[in-house]
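Below is one structure, written out as structure tokens; comments come after it.
The values are calculated or read from the model by the stated rules, or taken from the named source; none is laboratory data. Only a predicted model underlies this, so the values are computations on that prediction, with no experimental measurement involved. Don't worry about glycine lacking a Cβ; one is built from the backbone with ideal geometry, like all the others, and counts go over all protein chains shown.
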Amino acid sequence: MKTERAVGIVGYGAYVPRPRLPAKRIAETWLPSSSRPLPVREKSVPGIDEDTVTMSIEAARNALSRAAIDPSELRAVWVGTESKPYAVKPTSTIVAEAIGATPNVSAADMEFACKAGSEAMQTAVAYVGSGMADYALAIGMDAAQSKPGDALEYTAAAGGAAYVFGPADRALALVEASNSYVTDTPDFFRRQHMHYPEHGHRFTGEPAYFTHIQGATQEIMSELGREAADYRWAVFHQPNPKFVHRITKLLGFTPEQVKPGMVVEEVGNTYAGSSLLGLAAVLDVAAPGDRIFFCSYGSGAGSDAFSLVATERLISMRDAAPRVRQYLSHRYEIREYGHYLRHARKIRMH
Amino acid sequence: MQLPRYHRLRRSFYRLEGTRCNRCDRLFFPGRRICPDCRSQDVEPYQFRGRGTLYSFTNVQQPPRGFGSIGPYAVGMVRLEEGPLVTSQLTDVDGVDLVIGMEVEMVTRKIQDSSEHGYIVYGYKFRPLLTGAR
């Protein structure tokens, strides 16, 4: 899908909270005698005073610094997440107020498991591409929930990124095209009033993650007449390193193409923030003219694919906010599983 | 904190918005409606940049009611680069040796998440300056 008016990313900003939990802290609590390899080295955990609202605010401020626009110029603030602090009350209005974008602005929370952030991106592209707005902000952010002791607890992490979309002449990266590929696939879900999501174990692989990313990728490649080798970099949703390595190979990309965007080893799976955080890490290193392939995945299920090209402006605006690497090295290790339970609010007090 | 008060103060809480006297240029945080220096009522909202240095600090081991879920925590006085002195919680300071004079920056975090009506109070805190421009 292409827009009538040329659109680009005019600002981007990442956020990863400082506390980290090494995977071995989980293993020694739940599987003390197991020697199974751990899916990631460590994962990010929200600070005790952090949630999707606070993390979105910092990512949005970073994106606005790189966009160098006044926040009142934004016509939309959309937050894609599956960890809304309120069951009823928008996350996006708090973010919009905090960054100074209110009141002449659209605001809503988007929900589509791990692809809620890219859903917000595509909607922002359409808003700008139709001429309805000059600037729209899309955020993908999560403080992911996981059942204590479950396989997902090793990876369920916190963080994400924000993107300001705007006219192509101010773009740091142009949007060439985007598309979506969606089916009804019950691989991961959480019912109302339940604390933790449920997942379909191996069912989350072949019929879910791989099928949808392949579907979205093949569709956009045929629309643009491209192949994997036409791209310098590629970013996918990162639930764990194994899935990313496999999809990279299946689609004909090389490990070198995905390397700069691979943040899962150090951060874990930031759910709706995952692919957006990976893209921010790629924009941190991309050179003008580099073509970037992006594809998210959200359970339920679907994928959004984007084809992007970095511009000269990326070089001059990149240092207006901290890079993903700076957040990765801004790190404080949680040494006790009990401290993690407190941070992640897994202890019910009443 | 009562809901109407929190709502009224949201701009100063969320993004450190104070006021500026248009007659004598003095800046205020929290904002004032009348300038105490020149008595002018010609004051307008002023957005502070959120950077400053640590003027003093202490650790709160026994948090007051409503802050228990977040404590213990550090509280600091921060000299903003524009002048005013702000008292605020410090955050992201686990394992950090706080030093008077260190550079800090404003972030928006949860101040209280268990108020009597169940709403979450978000507001400014300061953390050691993250390297990297903003």
ask   = Can you name every residue in segment B:76-89 that is outside any loop (DSSP other than H, G, I, E, B) and surrounded by 15 or more Cβ atoms within 10 Å (Cβ to Cβ)?
value = B:Gly76, B:Met77, B:Val78, B:Arg79, B:Leu80, B:Val86, B:Ser88, B:Gln89
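Pick out the one residue from A:Arg348, A:Arg331 that is more than 17 Å from the chain's Cα centre (by Cα), of a type outside the set (S, T, N, Q) and assigned by TED's automatic domain parsing to the domain that holds A:Ala144. Break it down stepwise before answering.
Values: A:Arg348 fails: assigned by TED's automatic domain parsing to the domain that holds A:Ala144.
Checking each option against the conditions leaves just A:Arg331.
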query = Among (1) in contact with a helix residue (DSSP H, G or I) (Cβ under 8 Å, 6 or more places away or on another chain); (2) farther than 29 Å from A:Gln192 by Cβ; (3) surrounded by fewer than 24 Cβ atoms within 10 Å (Cβ to Cβ); (4) touching a residue at least 60 places away in the same chain (Cβ under 8 Å), where does A:Ser34 come up short?
reply = (4)
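From the set of residues in segment B:65-114 that are of a type in the set (Asp, Glu) and away from chain A (no Cβ under 14 Å), which is nearest to A:Tyr332 (Cα to Cα)?
Keep residues of segment B:65-114 that are of a type in the set (Asp, Glu), which gives B:81-82, B:92, B:94, B:97, B:103, B:105, B:113.
Cutting the leftovers down to away from chain A (no Cβ under 14 Å) gives us B:81-82, B:103.
On the way: B:Glu81: 28, B:Glu82: 31, B:Glu103: 19 Å.
This residue is B:Glu103.
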key: Residues within segment A:251-272 that are farther than 14 Å from A:Thr155 by Cα, surrounded by fewer than 20 Cβ atoms within 10 Å (Cβ to Cβ) and in contact with a Lys or Arg (Cβ under 8 Å, 6 or more places away or on another chain), tallied   = 0
ask   = Out of all the residues in segment A:61-95, which are touching a strand residue (DSSP E or B) at 6+ places or on another chain (Cβ under 6 Å), more than 10 Å from chain B (Cβ to nearest Cβ) and assigned to a helix (DSSP H, G or I)?
value = A:Ala63, A:Ala67, A:Glu73, A:Thr91, A:Ser92, A:Thr93
message = Can you pull out every residue in segment A:341-350 that is in a helix (DSSP H, G or I) and either touching a helix residue (DSSP H, G or I) at 6+ places or on another chain (Cβ under 8 Å) or within 11 Å of chain B (Cβ to nearest Cβ) (or both)?
response = A:Arg342, A:His343
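Could you say whether any residue in segment A:115-133 is in a strand (DSSP E or B), crowded, with 24+ Cβ neighbours inside 10 Å and either touching a residue at least 24 places away in the same chain (Cβ under 8 Å) or not assigned by TED's automatic domain parsing to the domain that holds A:Thr183 (or both)?
Restricting attention to segment A:115-133, the residues satisfying the condition of being in a strand (DSSP E or B) are none.
The answer is no; no qualifying residue exists.
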message = With the requirement that a residue be closer than 30 Å to A:Ser299 by Cα and surrounded by fewer than 18 Cβ atoms within 10 Å (Cβ to Cβ), what does segment A:54-105 give you?
response = A:Tyr86, A:Ala87, A:Val88, A:Lys89, A:Pro90
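Pick out, from segment A:251-340, the helices (runs of 4 or more DSSP H) lying fully within it that include 3 or more residues that are modelled with pLDDT of 95 or more and over 30 Å from A:Ala27 (Cα atoms).
Numbers: elements: A:255-258, A:264-267, A:274-283, A:313-317, A:324-329.
Output list reads A:274-283, A:313-317.
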note = Every listed condition ((1) of a type in the set (Phe, Trp, Tyr); (2) within 15 Å of the chain's Cα centre (by Cα); (3) under 28 Å from A:Ala23 (Cα atoms)) holds for A:Phe306 save (3)
request  = Residue by residue through segment B:98-134, note down the ones that are at pLDDT 95 or above, at negative phi and part of a loop (DSSP other than H, G, I, E, B).
outcome  = B:Leu98, B:Val99, B:Ile100, B:Met102, B:Leu129
